[in-house]
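Asker: Please find one structure pasted underneath; my questions will follow.
Read-outs: derived from the displayed coordinates by stated rules, not from any lab. Since we're looking at a predicted model, the values are computed, not measured. Virtual Cβ from ideal backbone geometry, glycine too; neighbours counted across all protein chains shown.
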Amino acid sequence: MKVTIQDVEYIAKLAKLEYTDKEKEKFTKQFNTILEYIDKLNELNTDDVEPLSHVIELSNVMREDEVKPSLPVGEVLKNAPSKTGSFFKVPKVIGGK
């Protein structure tokens, strides 16, 4: 399948883009180069290759959840610029004034 300048114009129209004639020619060549490469890949025999989602084997590297004691409220709030009781006080960002 060869990409034509009309194909590039159609794609540009769908994407609401405008290109010069020189750019259209450039993109036509680039699209065709990409498709030629894909055709080379399609020539490979993949009959004995299992489908996979990653090229390398992955394993979960996250640690197990552990329940640990929290910091004391007083310690957490000691450097807070503004607080109300045992809560951080922050400026209102949603709504009116």
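Asker: List the residues, sorted by chain then number, that are 5 or more residues from residue 83 or on another chain and whose placed amide H is less than 5 Å from its amide H.
Answerer: Placed amide hydrogens put 89 under 5 Å from residue 83.
Asker: Mind checking the full-extension length gain between residue 41 and residue 20? Use 0.36 nm per residue of separation minus the Cα-Cα distance, one decimal, nm.
Answerer: The residue 41-residue 20 span can extend by a further 4.4 nm.
Asker: Do you know the relative contact order of the chain, to the nearest whole percent, from alpha carbon pairs under 8 angstrom that are 6+ apart?
Answerer: After rounding, I find 17 percent.
Asker: Arranged from highest to lowest average of other beta-carbon atoms within 10 Å per residue, in what order do the peptides 19-29, 39-49, 56-66, 79-89 appear?
Answerer: 19-29, 79-89, 39-49, 56-66
Asker: Would you indicate which of (1) 45; (2) 71; (3) 77 is the value of percent of Cα pairs over 17 Å apart derived from the coordinates of this structure?
Answerer: Of the labelled values, this structure produces (3).
Asker: Need the list of lysines near residue 22 for cross-linking: C-alpha distance under 30 angstrom, and skip anything on the same chain fewer than eight residues off.
Answerer: Leaving aside lysines fewer than 8 places away in the same chain, those within reach of residue 22 are 2, 13, 40.
Asker: Next up: Quickly work out the residue 75-to-residue 55 label distance, labels modelled 7 Å from Cα along the C-beta direction, and quote it in nm with one decimal.
Answerer: About 4.6 nm, to one decimal.
Asker: What distance in nm separates the two pseudo spin-label positions at residue 86 and residue 48, each 7 Å out from Cα along the beta-carbon direction?
Answerer: 6.6
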